[in-house]
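Notes to accompany the following structure.
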Amino acid sequence: MFKIAIRTLLVAALSLWSAVVAAQAVTPAMLEQFKQLPRAQQEQLAQQYGINLSDLGLTGASSSDSENPDDELLQRQKQRKQQEEKDKKTADTELKRFGMNMFEPASSSFSSAKNLPVPDEYILGPGDNLQLQLFGKVNRDVNAKVNRDGAINIADMGALQVSGLRYAEAKDLIIERVKQQLLGTNVAVSMGALRTINVIIAGEAKYPGSYNLPALSSVTQALFAAGGVSEIGSLRHISVQRSAKSVARFDLYDLLLKGNATNNVFLKDGDVVFVAPVTAIAEVSGEVHRPAKYEVSATDTLQDLLAMAGGATPKAYPQKAVLERFNKHNYREYLSVDLTNPKQQKLQVRAGDALKIGATSPQVQNAVTLVGAVVRPGVHAWQPGLKLTDLLGSRWSDLHRTADLNYGIILREINPLGDIDILQFRLADAINQPNSADNIELKARDTVVVFHQALQTFQRSALNKYLRDKLEQRFDIAIELRWLNQLDIAEDGFRLMSEPEVLTEERLMADIKKLQSAEGRLFADDITKQEQEKALKESFAYLLDNVLDDAELIKFTPHLTRTELLYPVLQKLRQQARNGVEAKIVSVNGEVLVEGDYPQPIGGTVLDLIDAAGGLKDSAFLKRAELTRAVANSGSARGVYIEHESVDLSQVLSGQHNIALASRDRLNVFAVPEWDLDKTITLHGEVKFPGVYTIQQGEKLSDVIKRAGGLTNNAFVDGSLFTREQIREREAQQLKKLSEQLRADIAAKSLSSEIARISPEDSITMINEIEKVKPIGRLVIDLPMIIAGEPSADLQVEDGDELFIPRENNTISIVGEVQHPSSHRFANNQILEDYLKLAGGFRIRADKDRVYVIRANGSVMVPESSWFSASQNNLKAGDTIVVPLDTEYKDNLNLWAQVTQIFYQTAVAIAALNSF
């Protein structure tokens with residue numbers, strides 16, 4: 001295990017003027033393992049655990065970097081691979097030239113023409129082979145090859161001239177000759193191996209040259225043999241030269257786009273296939289079926305170019321296409337073209353043109369949007385006369401069980417700027433009474449928002465998964481990061497729960513092993529946890545900003561709380577507040593289920609605001625609430641003055657009286673005075689009926705004891721222990737402050753020239769013990785006087801108070817710097833000196849002048865003069881005699897006395913609690 005460097009801790013962590021964290025030391029074995037790692041992995045682990053590499057003597061290149069050249073090679077290979085991936089991604093985003101992939105090896109299915117079926121129109125020539133199968137009187141197979149003279153030789157028949165004949169003609173001639181010369185014999189004729197022709201492929205072919213091809217090869221097969229065309233070769237201007245004449249012009253686009261192979265002629269021996277350079281290229285991008293770069297001719301129009309790209313997609317908006325082209329001054333310019341206009345469709349395409357067709361607006365006409373606590377969130381068809389219950393007619397099939405049937409809103413656009421008004425409805429009234437005003441008739445582009453009850457939600461884990469997936473996509477990292485798996489979405493968006501990593505030998509060795517393995521990776525490169533948290537918050541903010549508009553995000557609205565669903569609505573209302581128009585927002589606080597800001601609906605009232613807040617709590621005071629309103633006053637220097645109006649909520653809820661809301665109104669709902677019935681006090685021990693008792697404001701401790709039936713006969717009244725939560729919190733703050741003072745005192749002494757008589761280890765141990773002390777929150781009371789009815793001794797009880805009354809205790813305890821800390825039976829005739837002797841007397845470190853007594857009730861009694869004075873006769877049963885440590889014996893730190901006193905008093909209180 002690792003040991004903390006004490007001097008570094010004292011100077012760096014306990015100093016008052018600077019201070020952060022103590023450096024962590026590593027063992028020699030760990031350091032040796034650490035040095036074997038490449039430099040990048042050393043820095044990664046050092047950053048993870050907060051280690052300074054200079055402290056480990058690793059400021060230069062690591063030993064592995066200098067001793068193992070393979071690491072440098074691997075690093076360069078990794079960088080080269082990353083660059084290749086980056087270049088590939090860049091290339092993938094660039095538009096490719098249409099038709100070029102036809103000649104790529106992966107997509108090409110080029111096969112030789114020698115095995116193709118021979119058409120009847122094929123012209124025979126020297127080198128062709130004919131397969132003859134004689135049957136009948138004569139049975140044999142003959143392989144007849146056309147010689148240079150153009151004839152074939154058949155045994156017993158002689159030479160037969162076939163060169164220049166079509167294959168069908170030659171077949172008929174052979175059959176006829178066999179019948180004439182070989183009586184009783186028939187023949188079957190088929191083509192064997194075809195002759196080879198020599199073709200020259202020239203121009204902008206990828207691999208120009210002379211090629212020997214089968215006789216049935218066409219222009220496309222010749223191009224396949226030459227690897228296609230070069231980067232500047234034309235796919236549309238390919239010619240076949242024969243005997244110094246052009247016999248065919250082939251446009252590959254006719255084949256690719258129309259399936260027309262008319263000019264894909266068969267080649268002859270000596271033909272030249274010439275690929276001209278490309279003359280004009282235009283590109284089409286955006287919402288088309290086949291975005292790419294296209295070779296265009298002088299007669300092509302925008303309509304032709306769009307047809308080449310497969311036409312526009314259904315999501316396209318061709319009315320506002322953008323054409324980028326070079327003008328006559330060779331500057332780029334943008335033209336807006338309407339591709340639905342026949343005149344603009346005929347616009348001629350130029351070299352370098354770039355046509356971009358954008359997507360249509362995501363806004364949907366004749367539709368309404370349904371979001372929130374509904375079963376089917378999303379866009380729904382609208383038609384005239386459509387009402388709210390046509391979409392949400394059933395509580396059981398259309399809504400989640402947590403849906404609030406008393407509050408929903410409709411966002412309705414009111415002008416071309418997109419400003420909205422808010423309509424509020426009660427879904428319960430709309431469903432139960434279809435003819436009521438709450439069953440609002442919807443208009444096109446309305447957004448209906450249904451909320452969950454109060455702070456409830458639905459399947460929150462789906463939202464967690466969405467955010468984790470977004471983070472993984474953004475950083476391209478493995479999602480097994482521990483802190484990310486602890487992600488939890490809270491009311492204010494999300495809460496990150498993570499524990500800081502602690503450097504241990506096992507942990508570091510495991511991480512080193514992972515780094516050394518071929519597949520191990522701790523974190524994504526150059527991505528800090530803070531960056532990931534920032535990205536997570538940005539993802540959630542984007543979700544809230546766009547959740548009502550983005551069709552992909554609307555599906556997450558059932559998982560959002562009331563406050564989160566209202567966030568984009570309130571943002572929209574604030575944004576449209578301009579030119580002196582106030583934001584249509586009101587607020588409510590106090591005894592409602594969901595406090596906060598809410599949209600001000602058309603004709604909204606105080607009752608509507610209460611519904612928006614989820615309703616009143618049962619603790620709400622119905623007879624009086626306060627409505628605060630800012631009223632414009634042009635005559636006042638401030639411009640506004642504040643009005644406060646009392647509201648009787650009972651009349652509001654009954655419908656007898658309601659108040660219309662104005663922008664920026666604030667409703668404050670008060671609680672019923674002394675409503676809190678959850679205030680309790682707990683009685684333990686020797687009371688007749690121990691337990692938890694509900695209290696009211698101003699109730700005395702004596703009253704509660706009477707309600708509990710009083711004390712039992714075995715009650716040790718002088719040893720009662722009374723605790724209070726408020727005092728416990730104050731003690732915790734004091735302990736924290738004391739710990740900080742001690743750390744500062746230790747740091748100051750460690751930097752001074754004075755030789756400290758307390759070792760740093762002892763100092764740190766003492767501080768650690770102090771921080772382990774758990775405050776009790778004890779309040780010293782005089783219970784005998786309280787029971788006797790003394791008003792000055794009695795006290796008012798508070799929520800969370802506890803009273804512990806032990807059984808009779810007839811002992812005296814001695815703790816601290818005595819030879820044998822122990823407890824002894826109390827005797828009236830024994831004094832303080834007697835009990836100290838029973839404990840073996842003082843130890844050498846005892847502070848004899850500061851001996852004190854802790855009473856059973858928690859009070860402290862200090863002898864008036866010395867330990868042998870007359871006051872030693874004032875001991876009572878249950879007392880604890882404390883002999884403190886002589887702090888000057890160890891050091892002159894003036895806080896050690898307080899420390900030991902805390903230990904002793906806490907120990908006494910804990911001992912009393914443990915007796916129950």
Summed side-chain charge close to Thr723 - residues other than Thr723 whose Cβ falls under 14 Å, Lys, Arg +1, Asp, Glu -1: -2
Average Cα contact separation per residue, the range 150-217, under 8 Å, 6 or more apart, as relative contact order %: 18 percent
Ranking Arg350, Arg845 from most to least accessible area with a 1.4 Å probe gives Arg350, Arg845
Using a 7 Å offset from Cα along Cα-Cβ at Asp618, what residues in the range 676-718 end up with backbone N under 17 Å from the label point? 676-680, 694-695
Counting only protein heavy atoms and leaving out ligands, DNA and RNA, the solvent-accessible surface of Phe621 at a 1.4 Å probe, in Å² to the nearest 10, equals 70 Å²
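Note the full-extension length gain between Lys145 and Ala535 as 0.36 nm times their separation in residues minus their Cα-Cα distance, in nm to one decimal.
Value of the extension gain: 132.7 nm.
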Could you give the distance between the Cα centres of the range 337-370 and the range 679-715, to the whole Å? 83 Å
Pairs Lys206/Lys268; Lys465/Lys572; Lys315/Lys534: which exceed 24 Å Cα-Cα? Lys465/Lys572; Lys315/Lys534
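Contact order normalised by length for the range 662-708, with contacts defined as Cα pairs under 8 Å and 6 or more residues apart; what percent is it?
29 percent
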Would you mind counting up the charge near Met308? Only other residues with Cβ under 13 Å from its Cβ, with Lys and Arg at +1 and Asp and Glu at -1. -2
Keeping all protein chains in the complex and leaving out DNA, RNA and ligands, what accessible area do you get for Lys848 with a 1.4 Å probe, in Å² to the nearest 10? 100 Å²
Going toward the positive end of the dipole of the range 236-375, with +1 on Lys and Arg Cβ and -1 on Asp and Glu Cβ, which of Val247, Gly259, Ser285 do you reach last? Val247
Between Thr340 and Ala630, what is the label-point separation in nm under the 7 Å Cα-to-beta-carbon projection? 4.6 nm
Cut-off under 5 Å, modelled amide H: who pairs with Arg195 long-range: Asp128, Asn129, Ala215
Which order do Tyr294, Tyr334, Tyr567, Tyr542 take when ranked by solvent-accessible area (1.4 Å probe, heavy atoms of all protein chains), largest first? Tyr334, Tyr542, Tyr567, Tyr294
Tell me, what is the 1.4 Å probe accessible area of Arg412, in Å² to the nearest 10? 30 Å²
At a 10 angstrom cut-off on C-beta neighbours, averaged per residue, how do the peptides 132-145, 269-282 rank from highest to lowest? 269-282, 132-145
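Find out how many positive minus negative residues lie around Glu808, taking Lys and Arg as positive, Asp and Glu as negative, among other residues whose Cβ is under 15 Å from that of Glu808.
Working: positive: Arg807, Arg825, Lys876; negative: Glu686, Asp718, Asp879.
Taking every Cβ under 15 Å from that of Glu808, the sum is 0.
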Accessible-area order (highest first, 1.4 angstrom probe) of the listed residues His657, His684, His452: His657, His684, His452
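The values are calculated or read from the model by the stated rules, or taken from the named source; none is laboratory data. Just so it is clear, the structure is predicted and the values come from calculations on it, not from any experiment. Heads up, the Cβs are rebuilt from the backbone with ideal geometry, glycines too, and the neighbour counts pull from every protein chain shown. Calculation scope for accessible area: heavy atoms of the full protein, side chains included, ligands and nucleic acids excluded. Shrake-Rupley method; radii C 1.70, N 1.55, O 1.52, S 1.80 Å.
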